[in-house]
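Have a look at the structure below before the remarks.
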Amino acid sequence: MPASTTTAPAVLTAKALLLDMDGTIVNSDAVVERCWRDWAVSHGLDPQEALKVVHGRQGYATMAVLLPGRPMEVNLAENAVMVARETADTDGVVPVAGAPAFMAALDGLPHALVTSADAALATARMTAAALPMPAVRVTAESVGASKPDPEGFLKGAAALGVDPADCIVFEDSAAGITAGRAAGMRVIGVGPRAAAHGPTVHVQDLTSLAVTSGPDGSIRITVRPEPQDAPAR
């Protein structure tokens with residue numbers, strides 16, 4: 001049988017944390033996949049191919065990728081309908097493993113939610129997952145460009161009064177990881193979608209993380225190693 005091996009914990013320090021929502025602290029995949037499968041089928045698209053690009057972006061930006069050349073006003077109108085449906089549907093919305101303890105550990109520490117959801121959708125999903133809403137949040141209404149543009153993360157850092165280089169982003173998607181790196185920030189990739197997109201550190205879920213505050217006010221993130229199978233000797 002293969003042996004289990006581990007490595008030493010990684011420790012990252014920051015002055016602020018910027019958190020994506022869907023796929024990072026809230027598991028909303030069931031809703032996202034229901035809504036976007038229906039949308040893809042209604043437009044004659046392969047749902048499986050569509051689901052490869054929906055995560056991390058605002059809906060209108062996803063539509064622009066999937067239906068290039070279509071007028072943006074059509075995408076914006078359909079996105080409004082999509083967001084309304086997603087806001088009303090919270091069946092299957094749950095916290096990512098470890099998220100309740102992780103969010104509790106952030107109480108009183110500088111952090112912000114930076115999500116492609118609008119304020120109503122973010123509130124609905126955070127409530128359904130029984131997670132506390134950060135006091136500082138950057139939602140779809142706050143930005144002019146969707147991830148992978150770094151605008152949202154840069155606005156989150158500015159709102160907290162922290163230099164981008166002193167922030168750590170938590171993300172699950174290719175678009176989000178690209179945005180965080182473009183903002184000049186380190187990125188902790190969460191979940192299976194994140195691994196292939198070059199985050200600074202990757203974890204399967206939030207149970208691998210411990211958050212503590214340093215005496216200088218810094219935030220220390222200890223990433224406990226996850227066991228890996230090694231060839232038997």
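The values are calculated or read from the model by the stated rules, or taken from the named source; none is laboratory data. Since this is a predicted model, take the numbers as computed values, not measurements. Positions of Cβ are generated from backbone atoms using ideal geometry, with glycine treated the same way; all protein chains shown enter the neighbour counts. We work out accessible area using only protein heavy atoms, side chains counted, and drop any ligands, DNA or RNA first. Shrake-Rupley method; radii C 1.70, N 1.55, O 1.52, S 1.80 Å.
Restricting attention to region 185-207, the residues that are open to solvent by 50 Å² or more (accessible area, probe 1.4 Å), in contact with a helix residue (DSSP H, G or I) (Cβ under 7 Å, 6 or more places away or on another chain) and under 22 Å from VAL138 (Cα atoms) add up to 0. The single condition among (1) open to solvent by less than 40 Å² (accessible area, probe 1.4 Å); (2) in contact with a helix residue (DSSP H, G or I) (Cβ under 9 Å, 6 or more places away or on another chain); (3) part of a strand (DSSP E or B) that THR212 does not meet is (1).
Return yes or no: is VAL74 part of a helix (DSSP H, G or I), under 19 Å from GLU33 (Cα atoms) and not polar (S, T, N, Q)? When the stated conditions are applied, VAL74 does not pass them. Of everything in region 39-49 that is part of a helix (DSSP H, G or I) and open to solvent by 50 Å² or more (accessible area, probe 1.4 Å), the residue that is farthest from ASP29 (Cα to Cα) is SER42.
Checking each residue of region 60-70 against the condition of being crowded, with 20+ Cβ neighbours inside 10 Å and under 30 Å from GLY161 (Cβ atoms) gives at least one match. Taken residue by residue, region 50-59 has at least one member that is polar (S, T, N, Q) and either touching a residue at least 40 places away in the same chain (Cβ under 8 Å) or assigned to a loop (DSSP other than H, G, I, E, B) (or both). When each of ALA119, ALA128, ALA105 is tested for being closer than 22 Å to SER208 by Cβ and either in contact with a Ser or Thr (Cβ under 7 Å, 6 or more places away or on another chain) or of a type outside the set (Lys, Arg) (or both), the lone residue that passes is ALA105.
Quick test for you: out of GLY161, GLY180, GLY108, pick the one residue that is under 24 Å from SER218 (Cβ atoms) and open to solvent by less than 40 Å² (accessible area, probe 1.4 Å). I'd like the intermediate steps shown before the answer.
Details: GLY161 fails: open to solvent by less than 40 Å² (accessible area, probe 1.4 Å); GLY108 fails: open to solvent by less than 40 Å² (accessible area, probe 1.4 Å).
It is GLY180.
The set of residues in region 78-91 that are in contact (Cβ under 8 Å) with a residue 40 or more places away in the chain and either open to solvent by 40 Å² or more (accessible area, probe 1.4 Å) or aromatic (Phe, Trp, Tyr) (or both) comprises ARG85, THR90, ASP91.
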